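> Shown below is the structure under consideration.
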Amino acid sequence: MAKIDAFFELMHEQGASDLHLVTGQQPALRIRGDIERIKFNVLENDELKAMLYEITPEHKVKQFEETGDVDFAYEIPGLARYRANFFMQKYGCAAVFREIPTKIMTADQLGLPAVVSKLASLPRGLVLVTGPTGSGKSTTLAAIIDEANRTRKDHIITVEDPIEFVHTSQSCIVNHREVGIHTKTFTAALRGALREDPDIILVGEMRDLETIRLAVEAASTGHLVFGTLHTSSAAKTVDRVIEVFPASEQMQIRSTLADGLRAVLSQVLFKRVDKKGRCAALEIMIANSAVRNLVREAKTFQIPSMIQTGKKFGMQLLDDSIMDLLNKGWISPDEAYIKANDKTKFRPFLKTAPGDFTEA
């Protein structure tokens, strides 16, 4: 057993999402969104580096020594998987570990709207799950892929950096590929995937122009493609995809995206105030013909209105989802205000002035 495993066991026991190990500081856990110190000695650089290197693949140690940054996954059988990031900072090395549960929760168990599960049955198209870092995008995607794995008879390829949730092949064949180990880049993996008889492709992160281009093309040529972006609403997600391309290509990509897009989920995590745990608020845009026309005609500013009137299709605005959680007494007015898009709706619920004076 590696020395660091004791921290992972504590992390699991406490229900923490992240473990922080930083030279010159005590270890810390992120529990329900807040950083909490562990009663432990201040970590020295050499001590921490030895602890980290004990679980790090040799080629990743070399990469870290050369670049000062590295990502990889670590697994403790029977406990959980961990997404690791090492980085150098002013006083020495540091690391953050995100726990990835070995048991994949269903959309129902996560409390997600029924339409989210239905996305797993789409025959083709592009589905984007967006939100800030740590908003639960990977967990939502894992639930959708798990639904497909259990109910379809297809070939699923995931491309991630690193591999997070591991799906055991059920009715589907599932192949996991990790960037840096099984393929050089997301782009290379996506190009290869099109020759590997896929039905469903999961792209862990759509980081650059070429990856986005290939994902959009794959969705337009008969594949079901899932991907993630760091955007805060459905309209901004569409704009982000189009704005990545040079101005000369934007008209063409707008048309291609309009044909291929099927749904955008934008989510935010909240700390629950009624009990321990967290919950997600989701904006859901289903790309029906009316929404696709707005994308094609460069009228994305009208998408929120279309979502507002598309409730029968399972659509909902993020602020409406947040308001629902607030009315249930699950979340605090302050956090609802901070994470809402239209803050004026939530200002009457505040007992004191907003914490962010720039929003007042």
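> Using θ = phi - 60° and the Karplus relation 6.51 cos²θ - 1.76 cosθ + 1.60, list the HN-Hα couplings for segment 184-192 in order, rounded to whole Hz, with x at every Gly or Pro.
Each residue's phi maps through the Karplus curve to give 6, 9, 4, 4, 4, 5, 5, 4, x Hz.
> With the chain treated as a Gaussian network of Cα nodes joined by springs under 10 Å, which of K276, K345, K90 yields the largest mean-square fluctuation?
K90
> Spin-label point model (7 Å from Cα, Cβ direction): what's the E66 to L350 distance in nm?
The two pseudo-label positions are separated by 4.9 nm.
> Another one. Can you pull the one-decimal nm distance between simple spin-label points at L194 and R124, each 7 Å off the Cα toward Cβ?
Distance between the two pseudo-spin positions: 1.3 nm.
> Give the share of C-alpha pairs in each 10 angstrom bin for the chain, from 0 to the last occupied bin, in whole percents, shortest bins first.
In order of increasing distance, the bins hold 5, 22, 30, 27, 14, 2 percent.
> Same structure again: For F301 and K184, calculate 0.36 nm times their separation in residues minus their Cα-Cα distance, and state this gained length in nm to one decimal.
38.4 nm
> Something else now. If the chain between S255 and E44 were fully stretched, how many nm would it gain, using 0.36 nm times the residue separation less the Cα-Cα distance?
70.4 nm
> What FRET efficiency comes out for Q308 versus E210 if R0 is 41 angstrom and r is the Cβ-Cβ distance? Round to the nearest 0.05.
0.70
> Grab the DSSP H runs of the chain that are 4 residues or longer, score each as -39,500 (n - 2.57), total them, divide by all residues and round the 222 nm result to the nearest 500 deg cm²/dmol.
Computed ellipticity for the chain at 222 nm equals -9500 deg cm²/dmol.
> Assuming a ≥ b ≥ c are the square roots of the Cα gyration tensor eigenvalues, decide whether segment 152-274 counts as rounded (a/c under 1.5), prolate (otherwise, with a/b larger than b/c) or oblate.
Because a/c hits 1.5 or more and a/b fails to exceed b/c, segment 152-274 counts as oblate.
> Checking the a/c ratio against 1.5 first, then a/b against b/c, what shape does the Cα gyration tensor give for segment 5-101?
oblate
> Report the residue, chosen from E335, E283, E54, that carries the largest GNM mean-square fluctuation when the chain is represented by alpha-carbon nodes joined by springs under 10 Å.
Fluctuation is largest for E54.
> Just the number, please: percent antiparallel of the DSSP beta bridges in segment 114-345, rounded to the nearest 5.
30
> Let me ask something else. What lysines could a cross-link reach from K312, if we take a straight Cα to Cα line under 16 Å and drop same-chain neighbours fewer than 8 places away?
Cα-Cα hits under 16 Å: K118.
Here, each number is a calculation from the coordinates, and none is a lab measurement. All of these numbers come straight from a predicted model, not from anything done at the bench. As a convention, Cβ positions derive from the backbone with ideal geometry for all residues, glycine included, and neighbour counts pool all protein chains shown.
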